[in-house]
1. Which of the residues that make up the stretch 105-127 are farther than 12 Å from residue 87 by Cβ and part of a helix (DSSP H, G or I)?
2. When both residues are 6+ apart or on different chains and their Cβ atoms are under 8 Å apart, which pairs have a first residue that lies in the stretch 73-85 and is touching a residue at least 60 places away in the same chain (Cβ under 8 Å), and a second that is loosely packed, with under 13 Cβ neighbours inside 10 Å and in a loop (DSSP other than H, G, I, E, B)?
3. Scan the stretch 163-186 and tell me whether some residue there is in a helix (DSSP H, G or I) and within 21 Å of residue 21 (Cα to Cα).
4. Would you say residue 109 is in contact with a helix residue (DSSP H, G or I) (Cβ under 8 Å, 6 or more places away or on another chain) and either more than 23 Å from residue 152 (Cα to Cα) or in contact (Cβ under 8 Å) with a residue 60 or more places away in the chain (or both)?
5. Considering only the stretch 7-25, I want to know if a residue exists there that is touching a strand residue (DSSP E or B) at 6+ places or on another chain (Cβ under 7 Å), surrounded by fewer than 14 Cβ atoms within 10 Å (Cβ to Cβ) and either modelled with pLDDT under 95 or closer than 23 Å to residue 104 by Cβ (or both).
6. Restricting attention to the stretch 137-163, which residues are over 16 Å from residue 4 (Cα atoms) and either touching a helix residue (DSSP H, G or I) at 6+ places or on another chain (Cβ under 9 Å) or surrounded by 19 or more Cβ atoms within 10 Å (Cβ to Cβ) (or both)?
C-alpha cells in the first residue's frame, strides 16, 4: 500500500513508474500482491530513481530484498547503478521497532553502488506528523495494512521528491576529465 502511494507521487511529478516486488522464497514469484512482475536487474538499470521498501525485520531488511540486492554486483561493477537517486521506506509493528536501522542497512549497498541517497530529512510537515525520521519514509504498521491520511500525504511527497531529484540527476552533464592512475597504485 505504501509503495502504491509513493508511485502515485512519482507519477504526479511526471515520472514513468514501474512498481515491482522481489520474490519471496515461499511464494515463488512477486510477493504481497504489489505488482504483476518481480523486480529485475533490468529494472534497476532502466530507472533514474529507485525507492526500495522493506518491512523491518528485527531492525534489518527482509531477507528477500537483501538477497535481491546481493545480486546487483555485476551491474554495480559496470557502473550501471552509480549516480542514481535512491531512497528507502519501511514499516514496523511498533514506533521504535527498528525502522531507522532498517533504512541505514539498506543504504550500505547503495553507497557501494555510488548511488545518490535521497533521505527524506524533515522536508515536509507530513513527515513530522507521522512521527517519521530523517533517513527515509517509515510508518508504524497497522494490523489491517491501512494508512492514515497523513501517511498517504507523506508517501506521495516522498515519491514526488525522489522523482524530482532523480530527474535532475539524470540530466546529461559533461564527464569530467580524469587523470590516469599511475602504474603501481599511488
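1. Once the filter is applied, which keeps residues that are farther than 12 Å from residue 87 by Cβ and part of a helix (DSSP H, G or I), the stretch 105-127 yields 105, 108, 109, 111, 112, 113, 125, 126, 127.
2. Pairs that qualify, where the first residue is touching a residue at least 60 places away in the same chain (Cβ under 8 Å) and the partner is loosely packed, with under 13 Cβ neighbours inside 10 Å and in a loop (DSSP other than H, G, I, E, B), are 83/114.
3. Here is the first cut: in the stretch 163-186, the ones in a helix (DSSP H, G or I) are 163-170.
Next, only the ones that are within 21 Å of residue 21 (Cα to Cα) stay: 163, 166.
Yes: one or more hits.
4. Here the answer is yes, as residue 109 does meet what is asked.
5. No: the stretch 7-25 contains no residue that is touching a strand residue (DSSP E or B) at 6+ places or on another chain (Cβ under 7 Å), surrounded by fewer than 14 Cβ atoms within 10 Å (Cβ to Cβ) and either modelled with pLDDT under 95 or closer than 23 Å to residue 104 by Cβ (or both).
6. 140
The values are calculated or read from the model by the stated rules, or taken from the named source; none is laboratory data. Predicted, not measured: the structure shown is a model, and the values here were computed from it. Cβ: placed from backbone, ideal geometry, glycine included. Neighbour counts: every protein chain shown.
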